[in-house]
1. Determine which single condition Ser123 fails, assuming it passes every other condition in (1) crowded, with 22+ Cβ neighbours inside 10 Å; (2) closer than 30 Å to Ser77 by Cα; (3) in contact with an Asp or Glu (Cβ under 7 Å, 6 or more places away or on another chain).
2. In region 179-206, what count of residues is obtained for those that are among the small types (Gly, Ala, Ser) and either within 19 Å of Lys134 (Cα to Cα) or under 11 Å from the mean Cα position of the chain (by Cα) (or both)?
3. Identify all residues within region 283-315 that are of a type in the set (Gly, Ala, Ser) and either within 18 Å of Arg188 (Cβ to Cβ) or surrounded by 13 or more Cβ atoms within 10 Å (Cβ to Cβ) (or both); write none if there are none.
4. Quick check: anything in region 163-175 under 23 Å from Ser286 (Cβ atoms) and in contact with a Ser or Thr (Cβ under 7 Å, 6 or more places away or on another chain)?
5. Would you mind stating whether Ala164 is of a type in the set (A, V, I, L, M), in a helix (DSSP H, G or I), within 19 Å of the chain's Cα centre (by Cα) and modelled with pLDDT of 95 or more?
6. Sort out which residues of region 232-262 are within 16 Å of the chain's Cα centre (by Cα) and assigned to a helix (DSSP H, G or I), and write them in order of number.
7. Checking the condition crowded, with 17+ Cβ neighbours inside 10 Å, free of Cβ contacts under 8 Å to residues at least 60 places away in the same chain and within 19 Å of the chain's Cα centre (by Cα), which residue from Ala117, Ala40, Ala91 passes?
8. Within the set of pairs 6+ apart or on separate chains, which have a first residue in region 326-351 that is touching a residue at least 12 places away in the same chain (Cβ under 8 Å), a second that is part of a helix (DSSP H, G or I) and of a type in the set (Lys, Arg), and C-beta atoms under 7 Å apart?
Amino acid sequence: MTDPTFWRGKKVFLTGHTGFKGAWMALLLRRFGASVYGYALHPPHRFSLFEVANVAADIKQRLADIRDLGTLHAALSEAQPDIVIHMAAQALVRPSYDEPVETFATNVMGTVHVLEAARHLPSIRAVLIVTSDKCYENDGSQIAFREGDRLGGSDPYSNSKACAELVTHSYRQSFFAGSGAARIATARAGNVFGGGDWARDRLVPDAMQAFMNRQPLRIRNPNSVRPWQHALDPIRGYLTLVERLMDEASFADGWNFGPDTESEQPVRNVVEHLQALWGEGADWVSDDGPHPHEAAFLRLDCERARVRLNWSPRLDLLRGLSLTVDWYKANQRGEDMRRLSLDQLERVLASDALNATSQPASETTRGPASASRASSLT
């Protein structure tokens with residue numbers, strides 16, 4: 001589990017802090033007593049978590065583009081951090097078909113820029129590069145991907161994340177291999193959701209906006225299976241990984257962070273849970289396309305993180321979705337969203353503390369998904 005005392009007084013340079021996951025990360029780091037310097041584009045939405053939870057109130061930040069190496073280097077030099085967490089990205093599959101150059105420039109060269117700037121700052125002891133579960137070569141075989149599996153990806157987004165992994169490996173071997181050098185790891189998480197995400201073409205925020213407007217949610221692939229998880233679960237894992245990375249060089253590698261197998265469910269099941277939680281006004285229809293290609297099945301094997309990091313998810317699918325629906329309904333009512341967001345954060349941390357004693361890791365199936373589970377593919 002995460003050790004809050006480790007972070008007290010640490011200086012963390014966080015890219016992508018105005019984004020959905022980055023804002024939750026900033027809140028958690030500040031909760032643990034870290035000093036946060038954020039580097040990101042302007043907030044993506046007026047009701048984004050960054051805005052409504054007033055994340056900027058107690059951090060330093062520079063609003064700039066990760067593709068601007070000079071400005072990034074200047075910001076890192078100003079911050080003089082102990083730790084760099086790189087979360088800035090073009091984070092969506094479908095827009096990557098429309099803007100492939102921007103996607104590769106942001107996700108690949110953005111990673112190059114972070115590592116290039118970091119290698120010139122002796123204050124940095126650890127760097128975490130957040131990529132994606134979609135960095136793996138998905139051949140449709142329905143296996144749960146392990147960290148050593150082949151990287152790939154056919155769409156620009158997935159491929160850009162595989163490239164970011166390769167870039168990180170090259171920099172680690174070429175520039176961070178010596179004694180006393182900063183240690184670098186990558187984190188690959190499943191499909192995350194949670195309060196404050198307004199990105200288009202993501203299932204949960206699309207559902208929340210449709211339900212709020214009393215319009216039917218249009219879903220593309222109701223039988224596609226994903227490893228669904230509330231954002232705070234992998235974020236806890238990221239921090240635990242950085243803690244271990246600072247202590248031992250063997251943690252400088254790629255790591256999966258995904259949910260329990262019970263949360264690896266078809267889109268249809270997730271939507272039906274959201275309908276039940278939202279209540280009146282929630283409806284959906286299937287949109288038969290045509291649509292750009294997206295993998296029909298995706299699972300992660302997270303045994304390594306469970307055993308070596310003593311990390312496991314604390315929120316099952318239904319509890320995570322319940323927190324998320326509560327967030328959007330509270331925002332719609334005009335409640336104090338900083339208070340509510342911090343309260344949700346505390347509830348997850350309390351669950352983490354309650355489960356501090358290590359539990360046996362669940363067995364992970366390497367072969368095809370069990371026939372007893374809901375149908376996964378069309």
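1. Looking at each condition in turn, Ser123 falls short on (1).
2. Total satisfying the criteria: 6.
3. Within region 283-315, the first condition is being of a type in the set (Gly, Ala, Ser), and the residues that meet it are 286, 289, 295-296, 305, 312.
Across region 283-315, the qualifying residues are Ser286, Ala295, Ala296, Ala305, Ser312.
4. There is no residue in region 163-175 that is under 23 Å from Ser286 (Cβ atoms) and in contact with a Ser or Thr (Cβ under 7 Å, 6 or more places away or on another chain).
5. yes
6. Within region 232-262, Leu232, Asp233, Pro234, Ile235, Arg236, Gly237, Tyr238, Leu239, Thr240, Leu241, Val242 meet the criteria.
7. On inspection, the qualifying residue turns out to be Ala40.
8. Leu345/Arg31
The values are calculated or read from the model by the stated rules, or taken from the named source; none is laboratory data. Nothing here was measured: the structure is a model prediction, and the numbers come from that model. Heads up, the Cβs are rebuilt from the backbone with ideal geometry, glycines too, and the neighbour counts pull from every protein chain shown.
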